[in-house]
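Report on one structure; see the data block that follows.
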Amino acid sequence: MESSSFLPTDHLSLPDQPGVYRYFNEENELIYVGKAKSLKKRVGSYFNKNSGVNLKTRKMVKEIRRIEITLVNTEFDALLLENNLIKKSHPKYNILLRDDKTYPYLLLTKENFPRIYPTRKMIPKKGTYFGPFASVRAMNTVLDLIRELFTIRTCKLDLSPYKVAEGKYKVCLEYHIGNCQGPCVGLQKEEAYLKDVEQAKHILKGNLGIAKSYFKQEMQLHAENLEYEKAHKMKEKLDSLEKYQAKSLVASPSINNLDVCTIVSDEKNAFVNYMRVKNGALITSKNVELKKRLDESDEELLLTALIRLQDQFQSDAEEVLLNVELTEPIEGLNIFVPKIGDKKKLIELSVKNAFFYKKEKALLSGLNQNKKDRVIRQLQQDLSLPDIPDHIECFDNSNIQGTNPVASMVCFLNGKPAVKEYRHYHIKTVVGPDDFASMKEVVGRRYKRLMEENKSLPKLIVIDGGKGQLSSAVEALKELGVYGQMPIIGIAKRLEEIYFPGDSYPIHIDKKSESLRLLQRIRDEAHRFAITFHRNVRSKNAFGTQLTAIPGIGKSTADNLLSHFRSVKKIYEASEEEIAAVVGTSRARKLMDWKEKNKGAD
């Protein structure tokens with residue numbers, strides 16, 4: 001397949017054929033991928049002024065500077081290609097399928113006496129992967145069944161013929177309790193072992209009927225040979241397999257190898273349930289949420305989700321059941337919307353799951369929002385604040401034995417840390433360890449900057465410290481002329497006392513209160529942020545001082561080394577060649593001599 005490039009003004013010259021189109025913006029960034037039965041009609045609809053497209057789509061169209069198309073044979077091929085391109089590039093205007101989990105697989109290894117074990121990483125050269133499974137519980141149920149039915153080893157030994165022949169291995173507990181037949185010491189031939197593996201593969205693929213036939217034949221064979229104990233074991237395994245199938249049976253056993261995909265939606269999101277059914281047994285069930293980007297229809301959302309989920313779960317379904325009628329059939333997809341019978345019941349079950357997922361998401365979202373609102377409203381009440389403190393900033397100083405004084409400010413929005421708003425400060429105007437003057441400096445610098453940039457002020461300022469630090473911060477606000485425009489408090493560590501400016505006596509919030517826990521969390525975050533910064537500065541300065549004491553190495557050289565290697569430890573571990581690449585051979589030699597001389601020194 002070859003791609004062709006067009007300008008937006010050339011859309012009328014696009015071919016009337018199925019394919020995939022890609023929109024690029026001024027920075028040549030891919031912003032949207034779409035599929036079409038007719039590229040000319042579909043792409044043209046975006047640029048037709050009378051088409052009544054929504055605001056989101058018009059915004060996207062304004063950004064388009066270049067169009068690329070790829071012709072395919074059928075609309076189904078276009079669906080597959082569109083899915084692959086979206087997975088690869090994640091264009092900002094395409095439907096977002098909210099599903100960032102790494103799913104578990106079962107791996108059948110490529111080795112002598114293959115193993116079957118769970119993993120979340122796919123490395124194709126290691127063997128054949130089965131899955132992904134929608135949950136660890138579902139995966140473990142299948143794995144437990146396989147280990148109950150077959151004696152497949154769980155050890156990691158290299159069982160190549162010459163290794164086994166060397167006689168270095170001994171049987172383990174798994175052999176003694178009957179879970180392994182001892183291939184490590186030659187008690188089981190690989191040919192017999194692979195027969196079990198072959199049947200396990202059928203179960204992993206959902207073909208339970210083949211495995212059941214195998215156990216029936218083995219049972220009859222042992223019975224004919226008067227091996228009644230072995231026949232009884234086969235009977236037990238057949239019973240286990242039938243019990244497993246009965247638990248997962250959701251429809252008539254005559255229903256074989258189909259997918260079910262249903263959708264329920266609202267204005268902003270859609271909720272899709274996807275199920276795989278084989279021999280009447282439900283082998284996969286997965287719910288996903290889709291974030292609408294361009295007010296897509298349920299039909300478009302459902303098709304997008306179906307293709308992605310079939311790809312993700314490696315489906316080979318012969319038929320797909322949907323709860324939404326398609327405007328036109330898609331060549332290559334055998335889609336059916338059942339009205340009666342067992343297939344209709346499957347649709348109803350799937351829709352029930354989708355509705356439950358939607359309700360669960362709404363409930364969870366409401367609980368999270370209510371909790372956030374509840375905590376900051378409680379804080380407003382406990383501190384008698386005029387406004388809800390949805391923007392809180394907290395300051396802390398850090399210096400050890402008076403060296404390298406620094407400060408930090410952390411910001412919480414709606415009760416959550418806004419890490420991008422955090423700030424570090426080197427103390428510039430204060431000489432020596434003076435916490436009060438340092439606090440005045442950083443508070444003054446912070447709010448002078450916000451005022452100059454015309455940015456919003458916080459609804460609450462928290463000072464990590466008692467009355468002294470609080471008074472210093474108040475002085476800074478008064479000098480800026482903003483004292484009284486935003487509440488400010490100090491929180492003392494020892495008894496978690498809250499001080500207000502001008503009050504001699506602190507207030508105490510209930511120790512079990514969520515609002516106090518929020519203040520403690522903010523205070524602790526400011527302290528952590530300040531301490532981390534201080535350690536970095538102190539380490540850099542200490543090592544820089546040592547470096548500059550070496551003849552021929554000045555501050556610029558020390559800064560270059562720290563900038564390149566990022567940490568003191570990495571400079572110590574670096575080779576002479578690595579250091580020479582940064583500061584030259586002569587200085588590298590001097591530094592290596594110094595490191596050698598000081599090796600082992602405290």
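Counting only heavy atoms of the protein chains and using a 1.4 Å probe, Arg423 has close to 80 Å² of accessible surface. Prolate is the label for the range 267-349, because the ratio a/c of its alpha-carbon gyration tensor axes (a ≥ b ≥ c) is 1.5 or higher and a/b is greater than b/c. If the chain linking Lys156 and Thr119 were pulled fully straight, counting 0.36 nm for each residue of separation and taking away their Cα-Cα distance, it would gain 11.9 nm.
Structure shown: which of Lys125/Lys292; Lys361/Lys455; Lys212/Lys345; Lys35/Lys343 lie over 32 Å apart, alpha-carbon to alpha-carbon?
Lys125/Lys292; Lys361/Lys455
Taking a ≥ b ≥ c as the square roots of the eigenvalues of the alpha carbon gyration tensor, the range 178-238 is oblate, as a/c is not under 1.5 and a/b does not beat b/c.
With all protein chains in place and ligands, DNA and RNA left out, the 1.4 Å accessible area ranks Ser504, Ser350 as Ser504, Ser350, largest first. Remark: the range 148-159, residue by residue, has Karplus-estimated 3J(HN,Hα) of 6, 8, 10, 9, 9, 5, 10, 6, 10, 5, 7, 9 Hz, where x stands for each Gly or Pro and the curve is 6.51 cos²θ - 1.76 cosθ + 1.60 at θ = phi - 60°.
Label sites at Leu194 and Arg66, each approximated as a point 7 angstrom past Cα along Cα to Cβ, lie 5.2 nm apart.
Surface composition of the range 471-525: carbon and sulfur atoms hold 47% of the protein heavy-atom accessible area at a 1.4 Å probe. When Ser297, Ser160 are compared by accessible area at a 1.4 angstrom probe, the order from most to least is Ser297, Ser160. In the complete set of protein chains, residue-level accessible area for Ser13 is approximately 80 Å², probe 1.4 angstrom.
With R₀ fixed at 45 Å, the C-beta to C-beta distance from Asp503 to Leu363 puts the FRET efficiency at about 0.60. Residue by residue, the range 473-490 carries 3J(HN,Hα) couplings of 5, 4, 4, 4, 5, 5, 5, 7, x, 10, 5, x, 7, 8, x, 9, 9, x Hz when phi is fed to the Karplus relation 6.51 cos²θ - 1.76 cosθ + 1.60 (θ = phi - 60°); x denotes Gly or Pro. Using the Cβ-Cβ distance between Thr9 and Asn560 with R0 = 51 Å, the FRET efficiency computed as 1/(1 + (r/R0)^6) comes to roughly 0.50.
Over all orientations, the range 124-217 has a Cα convex hull whose mean projected area works out to 7.3 square nanometres. For the residues Arg153, Arg374, Arg276, a 1.4 Å probe over the protein chains yields an accessible-area ranking, largest first, of Arg374, Arg276, Arg153. Were the residues from Lys87 through Lys478 laid out at 0.36 nm apart, the gain over their Cα-Cα distance would be 135.3 nm.
With a ≥ b ≥ c the root eigenvalues of the C-alpha gyration tensor of the range 404-495, is it rounded (a/c under 1.5), prolate (a/b larger than b/c) or oblate? Because its axes are fairly even, with a/c under 1.5, the range 404-495 counts as rounded. Here the Karplus curve 6.51 cos²θ - 1.76 cosθ + 1.60, taken at θ = phi - 60°, turns the phi angles of the range 336-347 into couplings of 9, 10, x, 10, 9, x, 5, 5, 5, 5, 5, 4 Hz, with x standing for Gly and Pro. The slack in the chain from Val337 to Lys512, taken as 0.36 nm per residue of separation less the alpha-carbon distance, amounts to 57.5 nm. Shown is the FRET efficiency for Arg377 and Asp298, computed with R0 = 45 Å from the Cβ-Cβ distance and rounded to the nearest 0.05: 0.75.
The values are calculated or read from the model by the stated rules, or taken from the named source; none is laboratory data. Here the structure is a predicted model, which means the values were calculated and not measured. Because the Cβ atoms are built from the backbone with ideal geometry, glycine has one as well, and the counts that use them run over all protein chains shown. Remember, those area values only see protein heavy atoms, side chains included, never the ligands or the DNA or RNA. Shrake-Rupley method; radii C 1.70, N 1.55, O 1.52, S 1.80 Å.
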